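The values are calculated or read from the model by the stated rules, or taken from the named source; none is laboratory data. Bear in mind that the values here come from a model prediction, so they are computed numbers and not experimental data. With ideal geometry, Cβ positions are generated from the backbone for all residues, glycine too; neighbour counts draw on all protein chains shown.
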Amino acid sequence: MGEVHDLMSALFRWMLAGIFLVACAVGAQAADKTIFLTFDDGPLPGTKNILSVLSQENVPAAMFMVGLHVETIPAGRELLAEAKAMSLVTIGNHSYSHANNRYRKYYSNTQAVVADMLHANDVLGLKPIVHARLPGRDVFRLPTVSREDLSINVAQWEREWLDYEFVAEAGFYLYGWDFEWVHSDDGKPVQSVDRLVSEIDHLFQYGRFTQRGKMILLMHDEMFQDQFNGQENLQALTRTLRQRGYAFGDIRDYAPSNP
Ligand SMILES: [Zn+2]
């Protein structure tokens, strides 16, 4: 048991060193202020509004979709097809089941995690290099896990990191996020657009991102439903950020540091 633990600790340190080196190498040549918009959990009510705004404003985005939603949400397949037809949009894999929102249980079975991700590839029609985000976990937070207040502890992260490795081995680029436009349980955005933009300004002034000068912003499709003025909010966000000198990046140019 001690040997296994030593091995895992050594592996863990080695991976951290690797991430650090890759981040430095990429950071040195990064653009000034680039934001990568990412939307999780679609297709959902709200997805349609997102696609409309991306198209109108000519802004790229990654949409990490859930296989189960494609099959069960009204017009799920049509929304997926519409998004796939847009060159501005990169469809990412966000699992088939979304872990049924029981993450600890989900990540206790590595084989099942990999199988769930591969199943989503089939439903989403993705192959072979697949951009992906794991449900309920921000893989970018691992290096700071000991300093931040997390819902899971370091030991759990170290254990789950092996799952992430196996998923990466199966052909996935894994993305976390640097910052989130938060929403309440019913999907309503918490920060106003102005508030969010001022938070982003501060982070670019003082924050350290996973890659220098590049912020991956997490949002969720459900935040952009009509009842929350989804179109207007997203349009206001993209226009305001552009006015303030931010560029929008395509996730395919982000070059993630895989585990
Ligand atoms: Zn999610």
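Just to verify a result, which residue in segment 101-130, among those that are under 17 Å from the mean Cα position of the chain (by Cα) and at pLDDT below 95, is farthest from the ligand (Cβ to nearest atom)?
Checking each candidate, the answer is I129.
Quick check on this structure: which one of R195, R252 is touching a Ser or Thr at 6+ places or on another chain (Cβ under 8 Å), assigned to a helix (DSSP H, G or I) and surrounded by fewer than 16 Cβ atoms within 10 Å (Cβ to Cβ)? Don't jump to the end; show me each part of the working.
On the way: R195 fails: touching a Ser or Thr at 6+ places or on another chain (Cβ under 8 Å).
Matching residue, one of R195, R252: R252.
Could you grab the pairs with beta carbons closer than 6 Å, sequence gap of 6+ or different chains, first residue in segment 93-104 and closer than 12 Å to F64 by Cβ, second one within 9 Å of the ligand (Cβ to nearest atom) and assigned to a loop (DSSP other than H, G, I, E, B)?
From segment 93-104, the pairs are H94/V66; H94/R133; S95/P135; H98/V66; H98/P135.
Applying the selection to segment 162-182, what residues are small (G, A, S) and part of a helix (DSSP H, G or I)? Steps first, please.
Taking segment 162-182 as the starting set, the residues that turn out to be small (G, A, S) are 168, 170-171, 176.
Scanning segment 162-182 gives a single hit, A168.
Could you check V182 against (1) modelled with pLDDT under 90; (2) surrounded by fewer than 16 Cβ atoms within 10 Å (Cβ to Cβ) and say which number it fails?
The number of the failed condition is (1).
State whether one or more residues within segment 43-63 are within 14 Å of the ligand (Cβ to nearest atom), over 24 Å from L237 (Cα atoms) and touching a residue at least 24 places away in the same chain (Cβ under 8 Å).
No, there is no match, as no residue in segment 43-63 is within 14 Å of the ligand (Cβ to nearest atom), over 24 Å from L237 (Cα atoms) and touching a residue at least 24 places away in the same chain (Cβ under 8 Å).
Kindly indicate which of E165, E169 is touching a residue at least 12 places away in the same chain (Cβ under 8 Å), over 30 Å from R239 (Cα atoms) and charged (D, E, K, R). Please lay out each step first, then the result.
Working: E169 fails: touching a residue at least 12 places away in the same chain (Cβ under 8 Å).
Criteria check complete, one pass: E165.
Conditions first: (1) among the hydroxyl-bearing types (S, T, Y); (2) in contact with a helix residue (DSSP H, G or I) (Cβ under 7 Å, 6 or more places away or on another chain); (3) over 30 Å from P128 (Cβ atoms). S198 passes all but one, so which condition is the exception?
The one condition S198 does not meet is (2).
Tell me, which residue of segment 198-236 that is on the phi < 0 side of the Ramachandran plot and part of a loop (DSSP other than H, G, I, E, B) is surrounded by the most Cβ atoms within 10 Å (Cβ to Cβ)?
At the first step, the residues of segment 198-236 found to be on the phi < 0 side of the Ramachandran plot are 198-212, 214-228, 230-236.
Next cut, part of a loop (DSSP other than H, G, I, E, B) only: 207-210, 212, 225.
Values: G207: 12, R208: 11, F209: 19, T210: 24, R212: 15, Q225: 19.
Here the answer is T210.
Counting only residues that are within 15 Å of the ligand (Cβ to nearest atom) and among the polar types (S, T, N, Q), which one in segment 74-100 is surrounded by the fewest Cβ atoms within 10 Å (Cβ to Cβ)? Lay out the reasoning, then the answer.
Pass one, segment 74-100, residues within 15 Å of the ligand (Cβ to nearest atom): 91-100.
Next, from what is left, pick out any that are among the polar types (S, T, N, Q): 93, 95, 97, 100.
Details: N93: 27, S95: 25, S97: 18, N100: 12.
For segment 74-100, the residue satisfying everything is N100.
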